[in-house]
Amino acid sequence: MIIQQLSIFLNNEIGRFTEVTRILAEAGVNLQAFTLSEVSDFGILRLITDDNDKAIATLQAHSYAVSTTDVVYIELPDHPGTLAKSIEKLSDAGISVEYMYAFSQGNTASVVIRTNDVRQCNDVICQ
């Protein structure tokens, strides 16, 4: 399914991620998934939340630059080779993966995928 992900640009300083999580917690926004990556001067925090509108308003009120991006969210059985089969479908359809992140719990793996064509990715991978 296609969902929205938030991207927050953070200066690469100690405590910036802590500040974002505190601000969202105080606003009652729950983080459902996230990934944090960095380059030399800044980091990109990508979030899936339970209330994106509230998260955006809260972060913007604290002067954070926030953007939204459509991503594909899938749940797969947590077995060897399941992800490979799904990604192979994307490759066969000519869909390029820009980035992805995942976690597993119990017998299910949750995967967030950003591609060059989110709609086609959703059609291909969810069929």
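The values are calculated or read from the model by the stated rules, or taken from the named source; none is laboratory data. Every value quoted in this text rests on a predicted model; they were computed, and no experiment measured them. Don't worry about glycine lacking a Cβ; one is built from the backbone with ideal geometry, like all the others, and counts go over all protein chains shown.
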message: Go through (1) in the same structural domain as Phe103 (by TED's automatic domain parsing); (2) in contact with a helix residue (DSSP H, G or I) (Cβ under 9 Å, 6 or more places away or on another chain); (3) acidic (Asp, Glu) for Glu75 and report which single condition fails.
response: (2)
- line: Per the filter on the stretch 26-48, residues touching a strand residue (DSSP E or B) at 6+ places or on another chain (Cβ under 6 Å) and not aliphatic (A, V, I, L, M) are Gln32, Phe34, Thr35, Ser37, Phe42, Gly43, Arg46
task: Please state which one of Thr58, Thr35, Thr82, Thr108 is within 27 Å of Leu10 (Cβ to Cβ) and either modelled with pLDDT under 95 or surrounded by fewer than 12 Cβ atoms within 10 Å (Cβ to Cβ) (or both).
output: Thr35
Filter result (within 16 Å of the chain's Cα centre (by Cα) and within 16 Å of Asn30 (Cβ to Cβ)) within the stretch 47-72: Leu47, Ile48, Thr49, Asp50, Asp51, Asn52, Asp53, Ala55, Ile56
- request: State yes or no: is Ile14 exposed (fewer than 15 other Cβ atoms within 10 Å of the Cβ), out of contact with any Phe, Trp or Tyr (no Cβ under 6 Å at 6 or more places or on another chain) and not in a strand (DSSP E or B)?
  value: yes
query: How many residues, within the stretch 89-126, are closer than 11 Å to Met1 by Cα and free of Cβ contacts under 8 Å to residues at least 24 places away in the same chain?
result: 1
- line: Given (1) in a strand (DSSP E or B); (2) more than 21 Å from Arg119 (Cα to Cα); (3) more than 15 Å from the chain's Cα centre (by Cα), Leu76 misses just (2)
